[in-house]
Amino acid sequence: MQVERVDDDRGLALCAAEDGSKSTVEIALVDVAPGDRVLVHAGVALAELTA
Amino acid sequence: MRYVDEFRDPELGRVLATEILAAVEPGRHYKFMEVCGGHTHSIYKYGVDDLLPANVELVHGPGCPVCVIPMGRVDDGIAIAREPGVIFTCFGDMMRVPGSTGSLLEAKAEGADIRMVYSPLDALRIAKHNPDREVVFFAIGFETTAPSTALTLKRAKAEGVPNFSCMCSHVTIVPPLRALLDSPDLRLDGFVGPGHVSTVVGARPFEFIPADYGKPIVVAGFEPLDILQAIRMILAQLADGRCEVENQYSRVVPYEGNRRALEVMAEVFELRPHFEWRGLGFISQSGLKLSEAYADLDAEVRFSVPGVRVADPKACQCGEVLKGVIKPWECKVFGTACTPERPIGTCMVSSEGACAAYYNFGRFAREREVV
């Protein structure tokens with residue numbers, strides 16, 4: 001999923017899937033910024049994807 | 001789609017298949033276990049198996065989180081769900097896993113308030129919206145899912161949500177692999193390592209496989225080219241006389257794992273002395289429970305659970321499928337009495353289960369069709 005917006009205070013991010021659907025994701029385990037791509041499992045971003 | 005399309009390129013797939021064909025020794029039979037149910041699903045969805053030479057056999061491992069939950073554990077969940085005032089939450093796959101007297105889905109049909117969630121955070125949200133009800137989350141899964149549960153329990157504690165608790169059935173991947181490697185039933189030549197678990201734990205915990213058992217392992221991603229490349233890398237190790245842990249999935253998996261995830265898991269969970277696995281029996285230090293600091297959020301402390309061990313139905317051979325001893329189609333009830341619509345065994349329930357993968361992608365044939 002791609003990070004669209006980050007809420008640092010709550011440790012959450014709005015992320016968009018490739019099909020356009022959006023969901024709120026817990027980001028306590030990764031450092032991410034808008035535009036980053038993350039691997040999300042059970043509502044939590046586990047890893048940032050790197051080239 | 002970035003990170004996906006480039007790993008589904010048919011032309012590159014044919015190149016890898018050709019390289020694999022060139023790398024195998026004629027007359028030698030290779031048996032590789034893909035540990036993760038996600039790999040099993042991809043292998044049959046994309047026909048990876050058909051691109052392999054006939055003497056390269058893939059054996060399906062115990063890495064499907066739903067498949068390894070024993071019937072007695074389902075009964076425990078149903079017992080809690082039937083308590084007055086309880087809202088019982090779980091992932092969708094878990095709803096259909098048969099217990100000794102039925103599934104959570106059937107208990108729901110009989111009146112229990114059981115709700116499907118996509119994340120433990122959804123369960124916590126339900127608890128906040130229903131302060132007069134007890135909300136229990138049935139936590140299952142390997143180290144991939146455990147951080148999500150751990151973070152949710154931390155939030156529940158920090159935000160003071162007294163009506164939320166967790167029935168923890170998380171398991172860890174290393175002990176069953178060791179049990180399989182110690183099993184005389186199975187002779188394996190190498191492993192396709194679990195990609196998503198490794199995102200959390202890293203590749204280092206698998207170093208015991210080459211060190212203690214002399215088998216190569218390559219941690220792999222889930223697209224068809226990931227899996228083909230991992231098989232190519234295992235074959236290269238065998239051809240070179242090497243035996244080590246390699247990381248094909250480096251775009252996601254750091255060798256040391258996710259430090260923050262490991263820290264939150266260490267804070268919230270502790271190892272159980274032993275845990276029952278479907279088909280594999282009791283394995284020492286293979287399951288997680290809530291640590292002392294989080295015991296007040298432990299549903300098994302808050303509620304009375306039967307905790308009875310229930311034997312699998314005699315017709316079901318999930319245990320042998322999970323150990324890679326038989327292929328799904330060799331099970332007596334595969335595709336007849338046991339189907340995804342009416343599963344008898346757990347391996348037919350989840351899309352990551354080997355039986356469901358075979359069934360859904362039409363692998364009823366006794367012989368592989370090798371192209």
Test: B:Val349 is open to solvent by less than 30 Å² (accessible area, probe 1.4 Å) and either in contact (Cβ under 8 Å) with a residue 24 or more places away in the chain or out of contact with any strand residue (DSSP E or B) (no Cβ under 7 Å at 6 or more places or on another chain) (or both): yes
Looking at the stretch B:309-325 only, could you name the residues that are under 17 Å from B:Thr339 (Cβ atoms) and open to solvent by 30 Å² or more (accessible area, probe 1.4 Å)? B:Pro313, B:Ala315
Being of a type in the set (Lys, Arg) and within 27 Å of B:Pro175 (Cβ to Cβ) is the requirement here; does B:Arg73 meet it? yes
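Condition check ((1) within 27 Å of B:Val135 (Cβ to Cβ); (2) surrounded by 17 or more Cβ atoms within 10 Å (Cβ to Cβ); (3) of a type in the set (S, T, N, Q)) across all residues:
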position	(1), (2), (3)
B:Leu188	no, yes, no
B:Val192	no, yes, no
B:Val201	no, yes, no
B:Asp212	no, no, no
B:Ala239	no, no, no
B:Gln248	no, yes, yes
B:Val268	yes, yes, no
B:Glu300	yes, yes, no
Of all residues in the stretch B:237-292 being free of Cβ contacts under 8 Å to residues at least 40 places away in the same chain and small (Gly, Ala, Ser), which is nearest to the other protein chains (Cβ to nearest Cβ)? B:Ser250
From the list B:Val4, B:Val35, B:Val24, pick out the single residue that is farther than 30 Å from B:Phe275 by Cα, in contact (Cβ under 8 Å) with a residue 24 or more places away in the chain, away from chain A (no Cβ under 14 Å) and open to solvent by less than 50 Å² (accessible area, probe 1.4 Å). B:Val24
Kindly indicate whether B:Ile87 is touching a residue at least 40 places away in the same chain (Cβ under 8 Å) and either out of contact with any His (no Cβ under 7 Å at 6 or more places or on another chain) or at negative phi (or both). yes
Out of (1) at pLDDT 95 or above; (2) within 23 Å of the chain's Cα centre (by Cα); (3) not basic (Lys, Arg), what's the single condition that is false for B:Glu110? (2)
For the structure I just gave you, tell me whether B:Pro184 is out of contact with any helix residue (DSSP H, G or I) (no Cβ under 9 Å at 6 or more places or on another chain) and open to solvent by 10 Å² or more (accessible area, probe 1.4 Å). yes
Would it be correct to say that A:Val32 is of a type outside the set (Asp, Glu), assigned to a loop (DSSP other than H, G, I, E, B) and under 8 Å from the mean Cα position of the chain (by Cα)? yes
Within the stretch B:60-98, residues part of a loop (DSSP other than H, G, I, E, B) and open to solvent by 10 Å² or more (accessible area, probe 1.4 Å) come out as B:Pro65, B:Arg82, B:Glu83, B:Pro84, B:Gly85, B:Phe91, B:Gly92, B:Pro98
Restricting to the stretch A:24-49, name every residue that is out of contact with any strand residue (DSSP E or B) (no Cβ under 6 Å at 6 or more places or on another chain) and more than 7 Å from chain B (Cβ to nearest Cβ). A:Asp31, A:Ala33, A:Gly35
In the stretch B:181-196, is there at least one residue being within 14 Å of chain A (Cβ to nearest Cβ), part of a loop (DSSP other than H, G, I, E, B) and touching a residue at least 24 places away in the same chain (Cβ under 8 Å)? yes
Restricting to the stretch A:11-46, give me the number of residues that are of a type in the set (Gly, Ala, Ser) and touching a Pro at 6+ places or on another chain (Cβ under 8 Å). 2
Just checking, how many residues over the stretch B:104-118 are part of a loop (DSSP other than H, G, I, E, B) and either more than 18 Å from B:Val66 (Cα to Cα) or open to solvent by 10 Å² or more (accessible area, probe 1.4 Å) (or both)? 5
Collect the residues in the stretch B:135-166 that are among the hydroxyl-bearing types (Ser, Thr, Tyr) and within 19 Å of A:Leu29 (Cα to Cα), keeping them in residue-number order. B:Thr144, B:Thr145, B:Ser148, B:Thr149, B:Thr152
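The values are calculated or read from the model by the stated rules, or taken from the named source; none is laboratory data. The structure displayed is predicted, hence computed values, not measured ones. Glycine gets a Cβ as well: all are built from the backbone with ideal geometry, and neighbour counts include every protein chain shown. Only protein heavy atoms, including side chains, enter the accessible area calculation; ligands, DNA and RNA are left aside. Shrake-Rupley method; radii C 1.70, N 1.55, O 1.52, S 1.80 Å.
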